[in-house]
């Protein structure tokens, strides 16, 4: 439709110009106006466009200007007789439009087709709150939201939020803000948002705010210091206005009450002190006559609407003694104990300075006073010390003064506003006084530069403001997890412990996360599915086997160092490899160790026993005559003989000599007339030759020779037993021939064993 209209407009203009040309064929370049102008202009919605069209070849006094819309849709264009065209594009007129500008003189004219490109201004499509008048308190937080579009191609929008003319922090390029007025804004205010495109075209949305004040309780900015006063003397202390502050700047009323702290013992008698607070909030402590000790007070500040705040517990100590002078009459320099007898002292009141009174005899005990150094000067203008009598005479007549006047010099840590300080221990010669912009938590603030006397509330998880490290309002980050549908940066920000595309999911029984009170992942608790366990006889919950692996104890393996499955021993047998010696040793190591110890101990025991037998020939004979023991010793000796030969050790006796002795014994065995004496002598001769015994040797000599011989130990035992057995030949009156033959054969056997080594 628009294309047809455009073509019709062009046709009308064309035929209009054609008729003019035919009608005024007399027009030439000299008498026809020539328009000077650009062909293209960029216009902006809502901004007035002005352009002065001129001609180049003649004066403009007699020229008339006109325009015609080539493309329909534009309205509000005007052009005066001087050629000044004015046009303010409306919201519906964005895009490309052509306009024909005509310059006419007499019967001649010129036409110029120009193109307007009209850029769109951002359009606000929706906003919250819908009502432009909003009531809110200083402590409330309200959501403000804006939506806007721009019809120009590839356009981006920026957003700036303001309260009055002040830019709201952290609001740049945000379409949604949570606005909290704070305590420094009240009354009627304008909250606005400027939506601006890249061309600088801006649309503004405003709300009228009625901010109501919120009364806050007074704030204790500094702890009130303890105070020391002198007995019977009223002392001004401090101004409570230096310690309390009303956040709204109103007047405060002050009161006090006496308290007994929990750390004090109940039933004690405390000093009786009156507290006076004058109209300027100045505190004066006035002790009752002759009272001493200490007491405690709490001061209360109350604002005009009844909200109040208590101070810390303040300890007031009254110092004094019955023997002290009245502080009003005491000199700043003169006191008992200064070694100067002043006009106020005499020998009776202060013998320490004025000496003992004449005519008075010394008593049996003379005090010896020892005083501490003077303490610091108190704000009340006195300083104290303690004096004790080393002799413990219990006579205080000569006791030096323990209190004197002094001039108090203010310090920057005395807890008082004094000197030329601007506040309590701040300003003047001290450090700067606390402010709500110093980056320090002080002056009763609840956080750094927030809460307490400051106008900014401290961030919290229930302030309905997106702050701290929250991912959404009052949730996520260090606050509790966000519900489903709320913004999140990670799964830890969500109640469901699952964040997808920046939004928390709603917990369910199939989200593969343990949440919503589930006993396991998507099982137990609110879910109908029962959770598996490590004793249900099923492979579930990511187990590697039935009730093992994963969250359960490890599954049995042939290298886990545990006797499990159907293994015979640890990691062997059953389905694992065959068990070897090392496995048996590991299992029965104690038994093996015991066996090795026993096997090592038995030879040592036997050797010891055999040496014992060499010293006890009777026992050696019994062992020799025991057939089992005899066979064991012979067998063991033959076994050890192999090792001796491997070491290259030869026979202990000469083989030829042994053969000679054996031949002689065989000859004797054939003699029917052989006597026991003859056989004994032959045995003695052979032993003498083998062991090197002398003819008159006794038993002790034999034992020494047998121990020192080169015979193997086991043969030594047999030779010793045989030697003792042969005694029967020398002592018995009768020895049967068969017995003599046996002894000959036994000696032959022993000699043959010795010959073999």
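Quick notes
- Among 489-495, 37-43, the order from most to least packed when residues are scored by Cβ within 10 Å on average: 489-495, 37-43
- Estimated inter-spin distance, residue 339 and residue 57, nm [label 7 Å along Cα→Cβ]: 12.5
- Overall Cα dimensions of the range 138-264 - principal axes, largest extent first, Å: 89, 29, 23
- Between residue 701 and residue 677, the modelled labels are 2.1 nm apart [label points 7 Å from Cα along Cα→Cβ].
- Cα centroid separation - the range 133-187 against the range 538-600, whole Å: 72
- Using the Cβ-Cβ distance between residue 644 and residue 539 with R0 = 56 Å, the FRET efficiency computed as 1/(1 + (r/R0)^6) comes to roughly 0.25.
- Cα-projected label distance for residue 752 with residue 528, points at 7 Å along beta-carbon direction, nm: 10.0
- Measuring nothing but how far apart in sequence close Cα pairs (under 8 Å, 6+ apart) lie, relative to its length, the range 422-477 scores a relative contact order of 15 percent.
- A full extension of the chain between residue 589 and residue 307 corresponds to an added length of 93.2 nm, given 0.36 nm per residue minus the alpha carbon distance.
- Projected-area average for the range 342-496 over all orientations - Cα convex hull basis, square nanometres: 17.6
- Acute angle (nearest 10 degrees) that the helix 627-646 long axis makes with the longest principal axis of the chain, alpha-carbon atoms: 60
- The slack in the chain from residue 519 to residue 125, taken as 0.36 nm per residue of separation less the alpha-carbon distance, amounts to 137.0 nm.
- Cα centroid of the range 692-757 to Cα centroid of the range 416-443, whole Å: 119
- Computed FRET value (nearest 0.05) for residue 632 with residue 551, which takes r as the C-beta separation and R₀ as 45 Å: 0.10
- Tensor-based shape of the chain (alpha-carbon gyration tensor, a/c under 1.5 rounded, otherwise prolate or oblate): oblate
- The Cα center of the range 448-509 and the Cα center of the range 641-682 differ in position by 112 Å.
- C-alpha long axis of helix 737-756 to longest principal axis of the chain, angle in °: 40
- To the nearest ten degrees, helix 655-670 and the longest principal axis of the Cα atoms of the chain are 40 degrees apart.
- Segment residue 373-residue 284, length gained on full extension (0.36 nm per residue, minus Cα span): 29.2 nm
- If you sort the three axes of the alpha carbon gyration tensor as a ≥ b ≥ c, you get a/c of 1.5 or more for the range 434-547 and a/b above b/c, which makes it prolate.
- Cα shape, the range 387-456, gyration tensor, a/c 1.5 rule: prolate
- Relative contact order computed over the range 596-756 (Cα-Cα under 8 Å; 6+ residues apart), in percent: 41
- Across the chain, C-alpha contacts under 8 Å between residues 6 or more apart give a mean separation that, scaled by the residue count, equals a relative contact order of 6 percent.
- Cβ-derived FRET efficiency at R0 35 Å, residue 158 paired with residue 75, nearest 0.05: 0.70
- Per-peptide average of other Cβ atoms within 10 Å, ordering 211-217, 541-547, 166-172 highest first: 211-217, 541-547, 166-172
Each value in this text was obtained by applying a stated rule to the coordinates, not by laboratory testing. This structure is a prediction, so every number in the text was calculated from the model and none was measured. Note: ideal-geometry Cβ built from the backbone for every residue, glycine included; neighbour counts use all protein chains shown.
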